[in-house]
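Please see the structure below; I have some questions.
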Amino acid sequence: MKIVPEKFEFGIEKEYALVYKERDFISYLLASQQIIDKIMSMSDIPEHLVKKVGYLFSKGWEIHPEYTNALIEVASPPYTLDSFDEVIDGFQTFEEVVCKLLADLKQINTNLNGEILITDKFSCSTDTFINLKKEKITDIKQIILTDEVVTFVGSENLIPNSFKKIKDLNLLYAGFISTHVTLHPKYCSGWDIKHEAEYFWILLNLLFISEYDISDSTFYYKGKDEIRCATTPRSELISWADKTNTFYEKNIRQIMKGDPQEKIDAYNSFLNEQYKGNRTYLAKIKHIEGWPLFEIRRFHSGISTNSIKEFLLSASKIVINS
């Protein structure tokens, strides 16, 4: 990734779930690795889509399974705001490709009589997973694609009462999807830790005073049909999974009222928690080529592109004086 300091740039990572629905039965479908393999080999993809996908790959786009074999992540390279329509087109292209491959998968696996969907509207909406044989899978090691079983999430004595009905919280987390937006401002050559901290807290304040924060929507719409699942709301899972919840407890506005040194101290505390491996669904700070990048991780996966653009437009207008 090449940083262009004089430009406001952003990239978007969007996660999708593969969902199987048959009458009242709803489950995640363990097929993302198979779908990604076909995309990477460009097999069984219509010619016009092969060209579009090839172009996106050449621009730096990525697609891969995300943590489990039921989730897919699509990530864009850096863009400027005047190219936002190209970002939308990129996501729509990959969605079209995955839909085509899922249709082929359903045709081959005739036992899958219901609908197979790629959707961004599900997030921890069910703790049920099935394979292509329509067998229910409960072994987490058959679901996740890494060695990283969810040991980082919270602690047992902090589990909310609403989680008690879930037999295995790892299964709930394995269906968790979000949208992440990484951005960098127009940097000034004189930026130091004071400017980084000021920008970071202004950015988070912008997030919390807007309507772009997390949503508890655990359903998706298809025409007039609405599917709802009575499981733990997404916001509760975030709060439980986030070890840095002290940053929620201390109001962002309170930090904003502090003097420059207090903002720096709070910024350094956030960085220290991050370096210790304490994950946060609020934000993540990165440093590439010596420049700070800010990843906002708290968006619901189904947030509209218009809302993302509106947030980015507001973020691009933040001015930090040297």
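Only one of (1) open to solvent by 30 Å² or more (accessible area, probe 1.4 Å); (2) modelled with pLDDT under 90; (3) β-branched (Val, Ile, Thr) is not met by Thr126, so which one is it?
The failed condition is (1).
Quick check on my filter: what residues within the range 241-276 are in a helix (DSSP H, G or I) and at pLDDT below 65?
Thr246, Phe247, Tyr248, Glu249
Can you name the residue in the range 266-309 that is without any contact (Cβ under 8 Å) to a residue 40 or more places away in the chain and exposed (fewer than 15 other Cβ atoms within 10 Å of the Cβ) and, of all such residues, is nearest to Thr80 (Cα to Cα)?
Selected residue: Asn306.
Okay, residues lined up against (1) closer than 17 Å to Ser301 by Cα; (2) out of contact with any Lys or Arg (no Cβ under 9 Å at 6 or more places or on another chain); (3) among the polar types (S, T, N, Q):
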| site | (1), (2), (3) |
| --- | --- |
| Arg23 | no, yes, no |
| Ala31 | no, yes, no |
| Gln34 | no, yes, yes |
| Gly54 | no, yes, no |
| Glu73 | yes, no, no |
| Asp82 | no, yes, no |
| Ala103 | no, yes, no |
| Asn109 | no, no, yes |
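Got at least one residue in the range 181-204 being open to solvent by less than 40 Å² (accessible area, probe 1.4 Å), at pLDDT 70 or above and more than 26 Å from Glu289 (Cα to Cα)?
For the range 181-204, residues open to solvent by less than 40 Å² (accessible area, probe 1.4 Å), at pLDDT 70 or above and more than 26 Å from Glu289 (Cα to Cα): absent.
Right, another one. Checking Ile118 against (1) open to solvent by less than 30 Å² (accessible area, probe 1.4 Å); (2) part of a strand (DSSP E or B), which test does it fail?
Ile118 satisfies all of (1) open to solvent by less than 30 Å² (accessible area, probe 1.4 Å); (2) part of a strand (DSSP E or B) except (1).
A further question on this structure: Please go through the range 1-30 and pick out each residue that is over 19 Å from the mean Cα position of the chain (by Cα), among the hydrophobic types (A, V, I, L, M, F, W, C) and under 26 Å from Ile143 (Cβ atoms).
Phe25, Ile26
Looking for whichever is within 27 Å of Pro185 (Cα to Cα), under 23 Å from the mean Cα position of the chain (by Cα) and open to solvent by less than 10 Å² (accessible area, probe 1.4 Å) here; the options are Val87, Val98. Which one fits?
Among Val87, Val98, only Val87 is within 27 Å of Pro185 (Cα to Cα), under 23 Å from the mean Cα position of the chain (by Cα) and open to solvent by less than 10 Å² (accessible area, probe 1.4 Å).
While we're looking at this one, here's another question. Scan the range 50-60 and tell me whether some residue there is charged (D, E, K, R), open to solvent by 50 Å² or more (accessible area, probe 1.4 Å) and not in a helix (DSSP H, G or I).
No, that holds for no residue.
Of these, Ser43, Ser27, Ser76, which one is open to solvent by less than 60 Å² (accessible area, probe 1.4 Å) and closer than 16 Å to Phe176 by Cβ?
Ser27
Same structure again: Criterion first (open to solvent by 30 Å² or more (accessible area, probe 1.4 Å), at pLDDT 85 or above, closer than 22 Å to Phe91 by Cβ and in a helix (DSSP H, G or I)) does Ser314 satisfy it?
Considered against the rule, which asks whether it is open to solvent by 30 Å² or more (accessible area, probe 1.4 Å), at pLDDT 85 or above, closer than 22 Å to Phe91 by Cβ and in a helix (DSSP H, G or I), Ser314 comes out as yes.
Hey, another quick one. Just for the range 62-73: of the residues that are open to solvent by 10 Å² or more (accessible area, probe 1.4 Å), in a loop (DSSP other than H, G, I, E, B) and touching a helix residue (DSSP H, G or I) at 6+ places or on another chain (Cβ under 8 Å), which one is modelled with the lowest pLDDT?
Glu66
Select from the range 102-115 the residues that are of a type in the set (A, V, I, L, M, F, W, C) and surrounded by fewer than 19 Cβ atoms within 10 Å (Cβ to Cβ) and write down the one among them that is farthest from Ile72 (Cα to Cα).
Ile108
The values are calculated or read from the model by the stated rules, or taken from the named source; none is laboratory data. In this text, all values refer to a predicted model and were calculated from it rather than measured experimentally. Virtual Cβ from ideal backbone geometry, glycine too; neighbours counted across all protein chains shown. When the accessible area is computed, the model is the full protein with side chains, heavy atoms only, and any ligands, DNA or RNA have been set aside. Shrake-Rupley method; radii C 1.70, N 1.55, O 1.52, S 1.80 Å.
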